[in-house]
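Heads up: the structure comes next, in structure tokens.
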Amino acid sequence: MKFISLVLFSLVTLIFSSCLDTEEKIVVNADNSGSYSMTLDLGKMLEMAATMGAKPDSDRAKEKKDTTIYLKNYLDTATNITAEEKALYRDGVLSMKMDEEKNEMKIVVSCPFKKIGDLASIKNNFFNVIQKLKAFENATGEKSKGNDSEDVKMGMKSTNPIGDQFTFLASAGKISNTINNIEAYKAKIAADSSLAMMSQMSAMIGDFKYRTVLVLPKVVKKYDGPGSSISTDKKTLTFETTLTEMMEHPEKVSYIVEY
């Protein structure tokens, strides 16, 4: 479990920098309800951990896991979750499938929303809530070594080091994710040592991909964003970029959609 614990620690500290093959999916229904989900492929992280010397113990069987965690089972008794968070994430789910022998590991988090005005809050705070609930520990069977206050502080420290450079907005008929200030974004990128490390690793194991998929109830009127593609019915948009693209051409990372 030490090997998996190291991988999960890397996940927590790097996840918000998009340093994983990641697919974010937003589904909006006709009544402006919908769902938000993110799929994280940690295959490259397992390979990276091995190259850094974090090899699994050779004298034990390789692990397999297929676990689903329902956040509602932990929300009611949580003392570090606000009433608003409990309402927003009650139907949130975290699932993990892992086959250590094949270097395969995927984590999916998802949460429905009743109105599109809640989407930004769910998206921006989801992983912080998951960490405060210790959902990763429950999914893997690993116990946290710190106390609750220390875990919350760690969760705050592991949030996106460049997240404050973006503004995500969602309303009926419009969704956007824009960089507030290009120069400030570049400065944060240049100062973040974890991103620099991941950039070096991508040269050896391939670039890290980030994909955003929007499934909309109406035909898209106009859109702009990185690596854009649209379905034949013009209701599903996909934006795709890489860690390298985010670092070298941040002006291309923002997207905006009207439908």
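Things to note:
- Selection count, the range 195-223, where residues are modelled with pLDDT of 85 or more and over 20 Å from residue 23 (Cβ atoms): 5
- Residue among 102, 86, 115, 123 that is among the charged types (D, E, K, R) and within 17 Å of the chain's Cα centre (by Cα): 123
- Residue in the range 23-43 that is part of a helix (DSSP H, G or I), modelled with pLDDT of 70 or more and closer than 27 Å to residue 247 by Cα present: yes
- Verdict on residue 98 being touching a Gly at 6+ places or on another chain (Cβ under 7 Å), surrounded by 16 or more Cβ atoms within 10 Å (Cβ to Cβ) and in a strand (DSSP E or B): no
- Looking only at the range 205-246, and only at residues there that are among the aliphatic types (A, V, I, L, M) and more than 21 Å from residue 169 (Cα to Cα), the one that is farthest from the chain's Cα centre (by Cα): 205
- Residues within the range 226-241 that are modelled with pLDDT under 95 and at positive phi, tallied: 1
- Taken together, the residues in the range 205-246 that are of a type in the set (A, V, I, L, M), in contact with a helix residue (DSSP H, G or I) (Cβ under 9 Å, 6 or more places away or on another chain) and either buried (at least 20 other Cβ atoms within 10 Å of the Cβ) or part of a strand (DSSP E or B) (or both) amount to 2.
The values are calculated or read from the model by the stated rules, or taken from the named source; none is laboratory data. Quick caveat, the model's predicted, so the values are computed rather than measured. Please note: Cβ atoms are built from the backbone with ideal geometry, for glycine as well, and neighbour counts cover all protein chains shown.
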